[in-house]
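Inspection log for the structure reproduced underneath, given as structure tokens.
Please treat every number below as a calculation from the coordinates, not as lab data. Everything quoted here is computed from the prediction, not taken from an experiment. Here Cβ is always computed from backbone atoms with ideal geometry, including for glycine, and neighbour counts include all displayed protein chains.
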Amino acid sequence: MSEPGTHYLNEGWTLRSWLLTTDHKRIAWMYFATITVFFFIGGLAALLIRLELLTPAGEMVESDTYNKLFSAHGIVMVWFFLVPSIPATMGNFLLPLMLGARDLAFPKLNLLSWYIFTLGGLFTMTAVIAGGVDTGWTFYTPYSTLFSNSAVVLAASGVFVVGFSSILTGLNFIVTTHKMRAPGLTWMRLPLFCWANYATSLIMILATPVLSMALLLIVLERVLGIGIFDPELGGDPLLFQHLFWFYSHPAVYIMILPGMGVVSEIITCFARRPIFGYTGMVISIMAIALFGFIVWGHHMFVAGQSLYAGILFSFFTFLVAVPSAIKTLNWTATLYGGRIRFTAPMIYGLSFLGLFTIGGLTGVILASLAVDIHLHDTYFVTAHFHYIMVGGMVTAYLGGLHFWWPKITGRMYSGPWSIVAALALFIGFNLTFFPQFLLGFLGMPRRYHAYPEEFQLLHVMSSLGAGVLAVGYLLPMVYFGWSLWRGKPAGDNPWDATGLEWQTSSPPPKHNFVDTPTVTTRPYDYV
Amino acid sequence: MSDGATIASHFEDAEQQREAGLMGMWLFLATELLLFAGLFGGFAIYRGLHGDAFAAAARHLDLPLATANTVILLTSGLSMALAERMAHAGAPQLARRWIAVTVALGASFLAIKGYEWHHEYSEGLMPLLGLAFEYDGPDAAQAHLFFDFYFAMTGLHALHMLIGLAALVLLWMLGRPRAGLQPDRYIRQVQITGMYWAFVDVVWVFVFTSLYLLRS
């Protein structure tokens, strides 16, 4: 076995020991490094967008360039940051630890998934360098197939390739959760983080292939001249939207469920209380994953689908609000009577709660057929999904990093600075995106780089907020980096948290546990 | 996995490892199923929209050859099942023989398929890469659409066949009589590859039914 003092980080120092590793903890780091690069590339595009929108006239960039900017922002952020974000980093690192396993079921596939991810990233980056793509992140036909003369094939191929890395990760997580749990760790003793990643993985393996097919057909249409979406041949461009949203709506839940898992861990730990309604939480997670598959048509209320389909999709979408509300209320009930500690992870967790509630409730507004006709393709939609994806997922991502950083690196970071960063995120985020609800309601459409003068005040507020938000993203880079060099040793369990991952040393040894742990209690055994 | 031990170091025992492998393959096949489902779903919708045009176009396909191919492929499913049986019975060399039979049948399927494609190409029924589409029936545009689906579906299926054949050839080489051959591991590999091959078989049954048999 390993000698005292050795752990997964100092097992080897060569580049080879990283690039050929099959250790889930090191692969998590490789993902972390890669998606951080993508996050800042996508962020740069967002920054340029917000700069352009400071003034009503389109002064800084041409409208073509603007189209390419928001497309790059969307494609990079959705597929190269948000989809892998929590699962590929914290999920990869923590799932085996939380299950009491020595690794994921298929370590080599895990490494392969990172290579596939990076390859897909290279495709898409090449597309950006080769002049960019201007279809938006949704690649809607017939624009993407018949009209756009930008680098659609490269960009779509990149997303196609990256899909396989999601599939492999999802497959690995599901098998690991089924087959590798420690003795005594029954399904109803699993931490909610594991349940959330399990549900996410189900979506990944069932929805991603349909997106792959839709994108493949676009590529084939452009390269080979297959005309499946071509109206001249009797093809239907709407078919693409159906296939695309059959994946991409469930994918919205890929981009929130893992965040819900993280927040469940954080809130119980810093309120010192067991989660309220554990069984209800588990059922809600699975219900969200399931309902996610039958609501895709709510993206197409004004796209020409039948009214009856619209009514059904609207109804199912309202239904998703039920498990989401159960979760939100259960977190709140967990806080009730707790001994709350306002550490950085907890501030992120509480921010998530507030921002997700706003994002979720505005989702209910958008799910109403008649209202959506007014709000469709306005900034209201932009604000709504940013409240879920950034206010929800990115906040949870950062919260999780702050929560598990001591376990991952064995070191603490600056308490006060991390609180500043968490608050900057909350304030900056609201300042950026709340005005966008108002803009949308007043009629400002998405994807325009020029706008009437009466919208300027709200746009300026939004752009200023983006500046504050950027501080909230950059600060953690600084003190995390600092903590790697100079951080105080964290000890095995600095937050006094339950969960198997806190029982092993920090950083964990190569095979995670010296002896396989046995579980005898429910999760979140806080008193 | 090191060559010395049958069980990879992160598993508790061989049973856990076997179950994990099988479950992984089942999940992968679920993914594959949904990949094809996107294509089949689109086809089903268009078949409903342009029923007559698609049926007329389907009559341009070579039904006898495709029927022969169906027989060949289903027979290869049998030989693969026998290979699995032999492996389980502790006779890896007999298993290898049946794997070789499976490879031969799979390769003949692809050869016939290739001949069919060539035939369609020379008749001007391949509307790809800007080639002229020469079609003498009514609704030429919708027939174009039918052939788009035809080439996408049979092409994707053939790609899966190629991957399956490569896996089988690899399996055949891995099982050659040698010192390091681990029977347990070999059984696992045969079983998992067999699952994939069975899936490719089943997909073909659906491809065959949708494209060739719906002709009136």
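Number of residues in region A:104-115 that are more than 14 Å from chain B (Cβ to nearest Cβ) and crowded, with 20+ Cβ neighbours inside 10 Å: the value is 1.
How many of the residues making up region A:216-232 are over 11 Å from A:Thr145 (Cβ atoms) and either in a loop (DSSP other than H, G, I, E, B) or aliphatic (A, V, I, L, M) (or both)?
At the first step, the residues of region A:216-232 found to be over 11 Å from A:Thr145 (Cβ atoms) are A:216, A:224, A:232.
Narrowing the set further to residues that are either in a loop (DSSP other than H, G, I, E, B) or aliphatic (A, V, I, L, M) (or both) leaves A:216, A:224.
Summing the residues that are over 11 Å from A:Thr145 (Cβ atoms) and either in a loop (DSSP other than H, G, I, E, B) or aliphatic (A, V, I, L, M) (or both) in region A:216-232 gives 2.
Filtering region B:8-35 to residues that are acidic (Asp, Glu) and either more than 9 Å from every other protein chain (Cβ to nearest Cβ) or part of a loop (DSSP other than H, G, I, E, B) (or both) leaves B:Glu12, B:Asp13, B:Glu15.
Keeping to region B:45-66, report how many residues are in a helix (DSSP H, G or I) and in contact (Cβ under 8 Å) with a residue 40 or more places away in the chain.
Let us first name the residues in region B:45-66 that are in a helix (DSSP H, G or I), namely B:45-49, B:51-58, B:63-66.
Restricting the remaining residues to those that are in contact (Cβ under 8 Å) with a residue 40 or more places away in the chain gives B:46-47, B:52-58, B:63, B:65-66.
Total satisfying the criteria: 12.
Taken together, the residues in region A:231-248 that are over 22 Å from the mean Cα position of the chain (by Cα), among the aliphatic types (A, V, I, L, M) and facing chain B (nearest Cβ under 8 Å) amount to 2. Looking across region A:84-103, just one residue is assigned to a loop (DSSP other than H, G, I, E, B), surrounded by 24 or more Cβ atoms within 10 Å (Cβ to Cβ) and more than 8 Å from every other protein chain (Cβ to nearest Cβ), and that is A:Pro84. Only one of the listed residues (B:Gly38, B:Gly42, B:Gly77, B:Gly48) is within 14 Å of chain A (Cβ to nearest Cβ) and within 19 Å of the chain's Cα centre (by Cα). That residue is B:Gly38.
With the condition kept exactly as written, say whether any residue in region A:55-68 is of a type outside the set (D, E, K, R) and crowded, with 22+ Cβ neighbours inside 10 Å. For region A:55-68, residues of a type outside the set (D, E, K, R) and crowded, with 22+ Cβ neighbours inside 10 Å: absent.
Scanning region A:200-210 for any residue that is within 11 Å of chain B (Cβ to nearest Cβ), more than 24 Å from A:Asn92 (Cβ to Cβ) and of a type outside the set (S, T, N, Q) turns up at least one such residue. May I ask you to verify whether B:Leu94 is of a type outside the set (Val, Ile, Thr), within 14 Å of chain A (Cβ to nearest Cβ), surrounded by fewer than 17 Cβ atoms within 10 Å (Cβ to Cβ) and more than 22 Å from the chain's Cα centre (by Cα)? Taking the combined requirement at face value, the residue does not satisfy it. Scanning region A:317-335 for residues that are surrounded by 15 or more Cβ atoms within 10 Å (Cβ to Cβ) and more than 23 Å from the chain's Cα centre (by Cα) gives A:Thr334, A:Leu335.
Restricting to region B:198-216, and then to whatever is of a type outside the set (S, T, N, Q) and not in a helix (DSSP H, G or I), can you tell me which residue is nearest to the chain's Cα centre (by Cα)?
Going through region B:198-216, the residues of a type outside the set (S, T, N, Q) turn out to be B:198-208, B:211-215.
Filter once more, keeping what is not in a helix (DSSP H, G or I): B:214-215.
On the way: B:Leu214: 21, B:Arg215: 23 Å.
Among those residues, the one meeting the criterion is B:Leu214.
Among the residues of region A:336-394, those that are over 23 Å from the mean Cα position of the chain (by Cα) and within 14 Å of A:Ala271 (Cβ to Cβ) comprise A:Tyr336, A:Gly337, A:Gly338, A:Arg339, A:Ile340, A:Arg341, A:Phe342. Of the helices (runs of 4 or more DSSP H) lying entirely inside region A:302-394, the ones with 3 or more residues being of a type in the set (Ser, Thr, Tyr) are found at A:307-335, A:344-367. B:Ala53 meets each of the listed conditions (1) more than 20 Å from A:Phe244 (Cβ to Cβ); (2) within 14 Å of chain A (Cβ to nearest Cβ); (3) surrounded by fewer than 21 Cβ atoms within 10 Å (Cβ to Cβ) apart from (3). Of all residues in region B:118-140, those that are in a helix (DSSP H, G or I) and in contact with a Phe, Trp or Tyr (Cβ under 9 Å, 6 or more places away or on another chain) total 2.
Among the residues of region A:153-185, those that are within 12 Å of another protein chain (Cβ to nearest Cβ) and among the hydroxyl-bearing types (Ser, Thr, Tyr) comprise A:Ser166, A:Thr169, A:Thr176, A:Thr177. Within region A:504-516, residues that are more than 14 Å from A:Gly100 (Cβ to Cβ) and within 13 Å of chain B (Cβ to nearest Cβ) have Cβ atoms under 9 Å from residues that are in a loop (DSSP other than H, G, I, E, B) and of a type outside the set (Phe, Trp, Tyr) in these pairs: A:Lys510/A:Ser2; A:Lys510/A:Thr6; A:Lys510/A:His7; A:Lys510/A:Glu11; A:Lys510/A:Asp23; A:Lys510/A:Arg102, counting only partners at least 6 apart in sequence or on another chain.
I'd like to check something: does region A:477-498 contain any residue that is in a loop (DSSP other than H, G, I, E, B), touching a strand residue (DSSP E or B) at 6+ places or on another chain (Cβ under 6 Å) and either small (Gly, Ala, Ser) or more than 25 Å from A:Ala396 (Cα to Cα) (or both)? Outline the logic, then answer.
Initial filter on region A:477-498 (in a loop (DSSP other than H, G, I, E, B)): A:487-488, A:490-498.
Right, trim to touching a strand residue (DSSP E or B) at 6+ places or on another chain (Cβ under 6 Å) and you get A:487, A:490.
Going one step further and asking which of them are either small (Gly, Ala, Ser) or more than 25 Å from A:Ala396 (Cα to Cα) (or both), we end up with A:487, A:490.
There is at least one residue in region A:477-498 that is in a loop (DSSP other than H, G, I, E, B), touching a strand residue (DSSP E or B) at 6+ places or on another chain (Cβ under 6 Å) and either small (Gly, Ala, Ser) or more than 25 Å from A:Ala396 (Cα to Cα) (or both).
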